[in-house]
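The values are calculated or read from the model by the stated rules, or taken from the named source; none is laboratory data. Being a predicted model, the structure only gives us computed values, none of them experimental. Here Cβ is always computed from backbone atoms with ideal geometry, including for glycine, and neighbour counts include all displayed protein chains.
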Amino acid sequence: MAEKSAAEELRHKLERARRGDDEALAELLLAYLPLLRKQARLLAGRDNHLKDDLVQEGLLALCRAVELYDPRRGTFGAFLKVCVRHAMISLLRRQPKEEVAEESLFEGMSHDDPGPAELLEKREQLKEIIHYLSDTELLAIDAFLETGGVERAARALQWPRKRVDNALTRARLKLRRLILGSD
C-alpha cells in the first residue's frame, strides 16, 4: 500500500509541476537529485567540474521530462533516466575532444611527473591520436579506465558488453597502427 501511495504522490507532484507549481517541481528536483548525481559521477569520473556541468544538464533534462512525460508510455522514473542520460551524453559530445584530453592529461599529477616540455609533447601526441578515435571509442576507453573493467564500463555506460568490447578492440587496433606504424 505504501508503494501505491508513493506512486500516487509522484503522479500528483508531476501534475502540479506540469501546471506550473514551482514547489512541486522543486520537490521533484530534490527527489531525483541522487539519480542525477549518480549518473553524472558515472560519466565524469574524477572531473568535479564536469560532474557539476552534468548535474546541471540533468536538472534541465528533468524539467523537460516533466513537460514531455506521457504516463501511457511507462513510468516517470524510467523515462527520466533515459532523458537524463541522453542529455548528459549530448553534453559530453558537444565538449571539444582536445579539452577532454587536456584535462585528463593533467589529472592526478605528482611531483615526479614530467616537466613542461615533456607534457607539451605528450599533449600534442594525445591531440593527434584523439582525432582518430570515434566518440563511441573515446567513451568506451574513458569508462574502461574509470571503472577498471569491461563489464563495469558497460554497466556505467548502460551499453551491452559486446558494444564496449567492440569499441575497445577498434580503439586498440587504431592506436597500435598509429604508435607502431603498422597495418
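Quick notes
- Residue check, ALA153 modelled with pLDDT under 90, of a type in the set (A, V, I, L, M, F, W, C) and under 13 Å from the mean Cα position of the chain (by Cα): yes
- Spans of helices (runs of 4 or more DSSP H) in the range 1-112 with at least 1 residues at pLDDT 90 or above and surrounded by 14 or more Cβ atoms within 10 Å (Cβ to Cβ): 2-18, 22-44, 48-68, 76-94
- Only one of the numbered conditions (1) more than 20 Å from LEU91 (Cα to Cα); (2) of a type outside the set (Phe, Trp, Tyr); (3) surrounded by fewer than 17 Cβ atoms within 10 Å (Cβ to Cβ) is not met by GLN158, and that is (1).
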